[in-house]
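Visitor: Next up is a structure, given as structure tokens.
The values are calculated or read from the model by the stated rules, or taken from the named source; none is laboratory data. Being a predicted model, the structure only gives us computed values, none of them experimental. Cβ placement follows ideal geometry from the backbone for every residue including glycine, while neighbour counts extend to all protein chains displayed.
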Ligand code: G3P
């Protein structure tokens, strides 16, 4: 499974990419607002750090303007992928951009039928939002399972990008189901490396090593 970071923080991207090579990055208006920086400049900087799909989100209401925005973002770098919302206008924009060899990430996907429509519109990535479904009392992970089944039933090549990830269990379950990509907030990325038995194991080895050194000195 590919690991993307869901952030617009250059610092977080550099730190994570220093640990394992990130496969891509996803951004959105809320994440860029948190950083308070220029969107295009930030995207340009990200493309210099990570060699993989970097999602940039459109904010226009209609297909023609979304496509215009998308074309503008796409000029930044060949790895830029354009995020459009799962709406009929978003799907029209997806078709326009895809026809011009600009890859699309269909975002804000909350049902299997939406994911089916996105694949039919030719989207490169589909982003089901797991955590937000959990928030309203549904089982977000069921959606990943349904999309996986539908896409393999018909051989759609759209990649499933599990988004709105809130904790490591989401990551493990997405991997077990066979999601192509998981996009992680930095906090969840850090959690993937942690285990209390690893910490206590390191401590025990170091303590025993110290005891051995002290014994040898006698
Ligand atoms: O980037 C889209 C998605 O991952 C947002 O997650 O936590 O705002 O639901 P969240």
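Visitor: On the given criteria, is residue 26 within 18 Å of residue 13 (Cα to Cα), modelled with pLDDT of 95 or more and touching a helix residue (DSSP H, G or I) at 6+ places or on another chain (Cβ under 9 Å)? Reasoning before the result, please.
Guide: On the way: within 18 Å of residue 13 (Cα to Cα): yes; modelled with pLDDT of 95 or more: yes; touching a helix residue (DSSP H, G or I) at 6+ places or on another chain (Cβ under 9 Å): no.
Judged against the criteria, residue 26 is not a match.
Visitor: Applying the selection to region 125-143, what residues are within 14 Å of residue 161 (Cβ to Cβ) and either more than 16 Å from the ligand (Cβ to nearest atom) or touching a residue at least 60 places away in the same chain (Cβ under 8 Å) (or both)?
Guide: Matches in region 125-143: 125, 127.
Visitor: When you check residue 164 against the structure, is it free of Cβ contacts under 8 Å to residues at least 40 places away in the same chain and touching a strand residue (DSSP E or B) at 6+ places or on another chain (Cβ under 6 Å), yes or no?
Guide: Working: free of Cβ contacts under 8 Å to residues at least 40 places away in the same chain: yes; touching a strand residue (DSSP E or B) at 6+ places or on another chain (Cβ under 6 Å): yes.
Here the answer is yes, as residue 164 does meet what is asked.
Visitor: Looking at (1) surrounded by fewer than 18 Cβ atoms within 10 Å (Cβ to Cβ); (2) modelled with pLDDT of 95 or more, find the lone condition where residue 215 falls short.
Guide: Only one criterion in (1) surrounded by fewer than 18 Cβ atoms within 10 Å (Cβ to Cβ); (2) modelled with pLDDT of 95 or more is unmet by residue 215, namely (2).
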